[in-house]
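Let me begin by presenting the structure, written as structure tokens, before commenting on it.
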Amino acid sequence: MAALSLPYQVVAAVALAVIGVLACVHLSMVFLHVAPSNTLTKQHGEAVDGWVYPEFEQNWKLFAPNPLQQNIAVQARAEIAADDGTRRTTGWIDLSAQDTEAIRGSLLPSHVDQNELRRAFDFYLNSHTDDFRPNGLRGRLSENYLRRIVMLRLDRERLGGEVEKIQLRSETRAVQSPSWSGERTSTDPRHRDLPWWSVTAADLPAGAKNDDRTEAGR
């Protein structure tokens, strides 16, 4: 700093001050996010969540006493109408595996890639009954949100036709116990199938063109 001219010293001092303020604000927001409910979080919870999500989310399930012991993947398949008029059902496409591949080896992995699909699927399950009936407006919103995410993913695939229906399922596998533990854990997959959903124009990715599909037709 001393070797710099006065104008550069002023610029450097201002830059350091701004960085220091941002660091203090960030640490304060993260602290409030992970802290137990208190007066500040009750009054300013939306501001804290707006700062933290999605890039700075903290998840303490990694740690004891209840670390995650399962790998849960979200998979989708589609009913396709081909140009020749035939219909077929695709195999299951592992959407969670696509997310894993997107962040593997990345020096700056995106929280959106890691969490968008997973959180949308959790949002759907938590706002529906066990037989997939929506619990009010949040349930309907969660389904619309999940459908659009899935259609964005399927839009990247070469499925050979128009997607008319989609179905999701979760595949749950227990994490293999370490060799030194002596425990025996079955890693066989368990599946939970969601209902088939008819695709409407509202589910299509932005800019997609489909003049033949109507909101009520499928």
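Taking 0.36 nm per residue of separation and subtracting the Cα-Cα distance, full extension of the segment from Cys24 to Val112 would add 29.2 nm. Here each label is just a point 7 Å from Cα along the line to Cβ, and for Arg156 and Asp94 those points are 1.5 nm apart. Region 12-57 and region 160-179 have Cα centres lying 36 Å from one another. Assuming charge only on the beta carbon of Lys and Arg (+1) and of Asp and Glu (-1), the dipole of region 1-141 about its Cα centre is about 300 debye to the nearest 20. For the pair Thr39 and Tyr53 in one chain, pulling the backbone fully straight at 0.36 nm per residue adds 3.0 nm over the alpha carbon distance. For the chain, the Kirkwood hydrodynamic radius from C-alpha pairs, put into Stokes-Einstein at 25 °C and a viscosity of 0.890 mPa s, yields a diffusion coefficient of 115 µm² per second. Here the Karplus curve 6.51 cos²θ - 1.76 cosθ + 1.60, taken at θ = phi - 60°, turns the phi angles of region 118-125 into couplings of 4, 5, 5, 5, 4, 4, 4, 5 Hz, with x standing for Gly and Pro.
For Ser177, the residues whose amide H sits under 5 Å from its own are Thr185, ignoring neighbours fewer than 5 places away on the same chain, with H placed 1.01 Å from N. Proximity of backbone amide H atoms, modeled 1.01 Å from N, is registered between Ile93 and Ala76, Arg77 at under 5 Å, excluding neighbours fewer than 5 places apart on the same chain. Here the Karplus curve 6.51 cos²θ - 1.76 cosθ + 1.60, taken at θ = phi - 60°, turns the phi angles of region 12-17 into couplings of 5, 5, 5, 4, 5, 5 Hz, with x standing for Gly and Pro. Rounded to the nearest 0.05, the FRET efficiency derived from the C-beta distance between Gln176 and Asp130 at R0 = 25 Å is 0.30.
All of the numbers you see were taken from the coordinates with simple rules; none came from a lab. Model, not experiment: these values are computed from the prediction. Neighbour counts run over all protein chains shown; Cβ positions are idealised from the backbone, glycine included.
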